[in-house]
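In what follows, a single structure is set out as structure tokens and then discussed.
The values are calculated or read from the model by the stated rules, or taken from the named source; none is laboratory data. The model shown is predicted, which means the values in this text are computed figures rather than measured ones. Here Cβ is always computed from backbone atoms with ideal geometry, including for glycine, and neighbour counts include all displayed protein chains. Ligands, DNA and RNA are excluded from the accessible area calculation, which covers all protein heavy atoms including side chains. Shrake-Rupley method; radii C 1.70, N 1.55, O 1.52, S 1.80 Å.
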Amino acid sequence: MRGEPGRRVVVTGLGAVSGIGIGAAEFLAGLRAGKSAAKPITAFDTEGFEHAVACEVTDFDPEQWIRNVRPRTLGRASQFAVSAARMAVADAGLPEDELRDRPCLISVGTTDGESRDLDHLVEVEVDLGPEQMDPVIARRVPAGRLSATVAHEFGLTRAEAVTLPTACAAGNYAIGYGFDAIRGGDVDIALCGGADALCRKTFTGFYRLGTIAPERCQPFDKDRKGILTGEGAGILVLESLESALARGARIYAEVLGYGLNCDADHPVAPNQDSVARCMQLALDNAQVKPDEVDFISAHGTGTRANDITEARAIHQVFGERTAPRTVSVKSMIGHSMGAAGALASIACALAITEGFIPPTINHVETDPECALDCVPNQAVEADLRVVQNNGLAFGGNNAVVIFGKHGSVGS
């Protein structure tokens, strides 16, 4: 059995809200096609910025998905989280009355919570005074609502709802939390992932750091110029293998294990040794050898520091000549902050099920300091057994999850 002694954990449902597609089917099509979500920002006033391109989610109608909570009472990130959870539960073929009758976990990672609403409230306060702030919007702000509202939407009274604010690795943290809860027997089912909405605060912060690309995100390319901020949500239904088999559920992948660490070395710069240790922790937890990994879904932000450091850490663990193919879906969907690890995990599960590796788009020439096969521009067909998903965050918060093809690994 993989990981520590305990129950096996599988992925049975996927819900995606992204700039390249809403729902697992559209998201899959976008990944296969190497679609780009990059477009001029409309979420906030960008006057004064020399460039303002991001990966927004368009054509999103929360009322299409949210049934039991008034969308007006939810911030955009919470709307994303609840909608993705709805999609995932439906995709898993999980009856809602059965979900309500069983102990379950809801874990949602985030970087910004509802900072988009905070942006608006601060603007109103500065321009018109605090008495003009909308109380409905003010009540939407607490980040705990990202998970609690999912429980409210489904009428869950036997659920733990937790929001994990571990920045850009938060989606992977949330999946690890659910993995432990199921493996340890606390719950049979967990709704896990991450959500964030595009906001001026985060865009401006990255812009002032000089890390916003003017037009496109080019991870591992020698001429890369930085990130594009993005938004969205990814929610995965994790389930004990026994539960999934008992109800005849489709199994996308098995969660084999994960690793977490926090080096607290630098506010923004990643630490190579710490990233390598986190990858090794995940491989050890999953009882997977480096040469068993078929591809890595990298954090791959497109900044000079992140890509070189992550690539060197990969070589440190996997070897200079034997590193697996390493891709970045952020080249397509941008950096969706707390949702990044969750959407990349969904990409991993779909890749295993559908037998392909998503591309790193916008690629011209690989940076020799990275020296990775990043599957440039075109998806490739592949029989995948083990896939690794990296999540690296400010402050040295690292989280790596290992997925496997069910039935081909372990016993």
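A few notes on this one:
- Contact order for region 256-404, expressed relative to its length and based on alpha carbon pairs under 8 Å spaced 6+ residues apart, stands at 37 percent.
- With the simple spin-label model, which puts each label point 7 Å out from Cα in the Cβ direction, the ALA33 to GLU354 separation comes to 1.1 nm.
- What the chain shows is 37 Å² of accessible area per residue, with the surface traced by a 1.4 Å probe over protein heavy atoms.
- Ligands, DNA and RNA left out, the accessible area of the chain computed with a 1.4 Å probe is 49% carbon and sulfur.
- In Å², nearest 10: area of GLU381 left accessible to a 1.4 Å probe: 120 Å²
- Note on LYS222 and GLU96: their simple-model spin labels are 5.6 nm apart, each label 7 Å out from Cα toward Cβ.
- The GluC sites (Glu not before Pro) found in region 1-79 that occupy coil by DSSP, while having at most 14 further C-beta atoms within 10 Å, are GLU47, GLU50.
- Protein-only accessible surface at a 1.4 angstrom probe places the residues ARG102, ARG216 in the order ARG216, ARG102, largest first.
- Region 9-246: relative contact order as a whole-number percent, Cα under 8 Å and 6+ apart: 30 percent
- With all protein chains modelled, accessible area of MET133 [1.4 Å, Å²]: 60 Å²
- Each Cα pair under 8 Å and six or more residues apart adds its sequence gap; the mean of these over the residue count of the chain is a relative contact order of 24 percent.
- When all protein chains stay in place and ligands, DNA and RNA are ignored, the 1.4 Å accessible-area order of LYS222, LYS330, LYS289, LYS201, largest first, is LYS289, LYS201, LYS222, LYS330.
- With R₀ set to 60 Å, the beta-carbon distance separating ASP373 from VAL136 gives a calculated FRET efficiency near 0.75.
- The share of C-alpha pairs in the chain whose separation exceeds 34 Å stands at 22 percent.
- Pairs beyond 25 Å (Cα-Cα), from LYS35/LYS201; LYS201/LYS330; LYS39/LYS201: LYS35/LYS201
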